[in-house]
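> First the structure, which I've put down as structure tokens, then a few questions once you've had a look.
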Ligand SMILES: *Cc1c(COP(=O)(O)O)cnc(C)c1O
């Protein structure tokens, strides 16, 4: 299967192989790579997938998209990426919260956030892509992170052959624990740098580096080229499609639904990557009815889904779900491309760049409304959901998952829709332990991560995940903070 840019408006688009798309990350015209067509998943496929392990399911589904990859090699990579050692207790287990809502826990990997689901496999896909395309230069991965991506990418890429990685994070935009996880990162091929500003500043900085031709030439002279691990890379997105299909199989296996039954999916959303993966699964034929897009007070997507106007020119809030504090959701571009084609996408992205906003034609807005529902939660509502759910359902949700849970409940209440819902649970409550502990009524007086984790554990009788415990004992390696204008210089450091 071949891939093309979302902004390629020519009659004969420039197609590249999946290895090439994964190697490049972003298309040369600034667009995102999309498969030329979407494979179908039938109930026959579902029957085949049901008895399989997560790794086998992942290899089966990935091979539908990555047709130039060797199938056995994909299976070996998936088995290494989703091993019991990396994902204790299984890669994407389902936990019932109440009669209708099932939490799809995507955070049992090495960094305790859902980004591990893609970032444990993607470096392996890239490494193979480099060999398959005869690449002799080193790939330098550049990442802008709102917290969780950075750590997950560092863990995924550390000491991978032919690759090194530089991570930029907004200095005040991540939690203390997230900062500590990144600053203590181990590995011989890793670099971490804080940036003054918010996530969008960091992300725009990285995007500018990717489209800077002079800098790219300089990098080549030094024997490397830039590549991305952000969810703009198809190699990040494809592995995320897997867990929605896998969850559907598990819900049949555990008797919650029958084969063919429609379910809803709710996703705490930032960059629109996770929910877009659910949309792809839906396009492939998985019986997903509504996709509920959950936001915090940075509700640019809620407004977009309700009104058809995307307007990033608004106040930016720092919330207790920082991985969703985003005003430009990059992967929305892929949705625009699927429903409206490349010329419209190219036009709207131009407007967004120039005016900070755009409005969809009415017919396309209607298309979006048939599938997507947009809701958001305030900070108080989020705390309330955490407390309520812990008290009534005995389920401890992190701040991001809580936003999703609250939005799913709002939607069900407003619409009367009682379909089984899969809630993407995106982080361990211990990653945002201070806010979670406070929400359930335990005042946090220390800002020492060790004390905070202990407090939450004692208060809830739950265990601190071992990777977080380990972080507390590691020495700090990275302490630098730079202006966004200095990012290109950091990107090209030897
Ligand atoms: C990244 C992240 C999100 C947002 O996911 P997108 O794919 O960017 O929409 C939500 N919750 C957590 C914990 C995350 O790390």
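The values are calculated or read from the model by the stated rules, or taken from the named source; none is laboratory data. None of these values were measured; they are calculated from a predicted model. Cβ atoms come from the backbone with ideal geometry, glycine included; neighbour counts cover every protein chain shown.
> Please find, within the stretch 65-99, the residue that is nearest to residue 417 (Cα to Cα) out of those that are out of contact with any helix residue (DSSP H, G or I) (no Cβ under 6 Å at 6 or more places or on another chain), assigned to a helix (DSSP H, G or I) and in contact (Cβ under 8 Å) with a residue 40 or more places away in the chain.
Filtering the stretch 65-99 for residues out of contact with any helix residue (DSSP H, G or I) (no Cβ under 6 Å at 6 or more places or on another chain) gives 67, 69-70, 72-73, 76, 80-81, 83-90, 93, 95-96, 99.
Narrowing further to those that are assigned to a helix (DSSP H, G or I): 72-73, 76, 80-81.
This time we only want the ones that are in contact (Cβ under 8 Å) with a residue 40 or more places away in the chain, so: 73, 80-81.
Details: 73: 43, 80: 40, 81: 37 Å.
The extreme case among them is 81.
> Determine the pairs where a residue that is free of Cβ contacts under 8 Å to residues at least 40 places away in the same chain and closer than 19 Å to residue 384 by Cβ, located within the stretch 308-322, has a partner that is within 15 Å of the ligand (Cβ to nearest atom) and part of a loop (DSSP other than H, G, I, E, B) with Cβ atoms under 7 Å apart, the partner being 6 or more residues away or on another chain.
So the pair list comes out as 317/297; 317/298; 317/325.
> Select from the stretch 391-404 the residues that are over 22 Å from residue 148 (Cβ atoms) and either touching a residue at least 40 places away in the same chain (Cβ under 8 Å) or part of a helix (DSSP H, G or I) (or both) and list them in ascending order.
Within the stretch 391-404, the first condition is being over 22 Å from residue 148 (Cβ atoms), and the residues that meet it are 391-394.
Scanning the stretch 391-404 gives 391, 392, 393.
> Which ones in the stretch 267-283 are more than 12 Å from the ligand (Cβ to nearest atom) and touching a helix residue (DSSP H, G or I) at 6+ places or on another chain (Cβ under 6 Å)?
280, 281 - these are the residues of the stretch 267-283 that are more than 12 Å from the ligand (Cβ to nearest atom) and touching a helix residue (DSSP H, G or I) at 6+ places or on another chain (Cβ under 6 Å).
> Among the candidates 144, 113, single out the residue that is within 12 Å of the ligand (Cβ to nearest atom), farther than 27 Å from residue 469 by Cβ and touching a strand residue (DSSP E or B) at 6+ places or on another chain (Cβ under 6 Å). Explain how you work it out, then say what you get.
Numbers: 113 fails: farther than 27 Å from residue 469 by Cβ.
Just one listed residue meets the conditions, 144.
> When you check residue 55 against the structure, is it touching a residue at least 60 places away in the same chain (Cβ under 8 Å) and either within 16 Å of the ligand (Cβ to nearest atom) or not in a loop (DSSP other than H, G, I, E, B) (or both), yes or no?
On the way: touching a residue at least 60 places away in the same chain (Cβ under 8 Å): no; either within 16 Å of the ligand (Cβ to nearest atom) or not in a loop (DSSP other than H, G, I, E, B) (or both): yes.
No; evaluated as a whole, the condition is false for this residue.
> Could you please let me know if residue 292 is part of a strand (DSSP E or B) and either crowded, with 20+ Cβ neighbours inside 10 Å or within 18 Å of the chain's Cα centre (by Cα) (or both)?
Details: part of a strand (DSSP E or B): yes; either crowded, with 20+ Cβ neighbours inside 10 Å or within 18 Å of the chain's Cα centre (by Cα) (or both): yes.
Criteria met by residue 292.
> Let me ask you something else. If you take the residues of the stretch 420-472 that are more than 16 Å from the ligand (Cβ to nearest atom), assigned to a loop (DSSP other than H, G, I, E, B) and touching a residue at least 24 places away in the same chain (Cβ under 8 Å), which of them is farthest from the chain's Cα centre (by Cα)?
For the stretch 420-472, the residue satisfying everything is 441.
> Still on this structure, please answer the following. Does the stretch 36-56 include one or more residues that are under 21 Å from residue 273 (Cα atoms), crowded, with 17+ Cβ neighbours inside 10 Å and in contact with a strand residue (DSSP E or B) (Cβ under 8 Å, 6 or more places away or on another chain)?
Looking through the stretch 36-56, none of the residues is under 21 Å from residue 273 (Cα atoms), crowded, with 17+ Cβ neighbours inside 10 Å and in contact with a strand residue (DSSP E or B) (Cβ under 8 Å, 6 or more places away or on another chain).
> Quick one: which residue in 143, 174 is outside any helix (DSSP H, G or I), modelled with pLDDT under 90 and either surrounded by fewer than 24 Cβ atoms within 10 Å (Cβ to Cβ) or under 20 Å from the mean Cα position of the chain (by Cα) (or both)?
None of the other options fit; the residue is 174.
> Considering only residues that are in contact with a helix residue (DSSP H, G or I) (Cβ under 6 Å, 6 or more places away or on another chain) and surrounded by fewer than 24 Cβ atoms within 10 Å (Cβ to Cβ), look in the stretch 109-131 and name the one that is nearest to residue 71 (Cα to Cα).
Per the stated criteria, the residue is 124.
> Let me ask another. If a residue must be part of a helix (DSSP H, G or I), closer than 18 Å to residue 424 by Cβ and modelled with pLDDT of 95 or more, how many such residues does the stretch 295-338 contain? Give the steps one after another, and end with the answer.
First pass over the stretch 295-338, keeping only residues part of a helix (DSSP H, G or I): 300-307, 322-324, 332-338.
Cutting the leftovers down to closer than 18 Å to residue 424 by Cβ gives us 301-302, 305, 322-324, 332, 334-335.
Then drop every residue that is not modelled with pLDDT of 95 or more, which leaves 301-302, 305, 332, 334-335.
Adding up the residues that qualify gives 6.
> Kindly list the number of the only condition in (1) away from the ligand (no atom under 16 Å from the Cβ); (2) within 25 Å of residue 411 (Cα to Cα); (3) modelled with pLDDT under 95 that fails for residue 262.
Single failed check for residue 262: (3).
> Continuing with this model, one more query. Would you confirm whether any residue within the stretch 126-136 is under 17 Å from residue 242 (Cβ atoms) and in contact (Cβ under 8 Å) with a residue 40 or more places away in the chain? Steps first, answer last, please.
Pass one, the stretch 126-136, residues under 17 Å from residue 242 (Cβ atoms): none.
Checking the stretch 126-136: not a single residue is under 17 Å from residue 242 (Cβ atoms) and in contact (Cβ under 8 Å) with a residue 40 or more places away in the chain.
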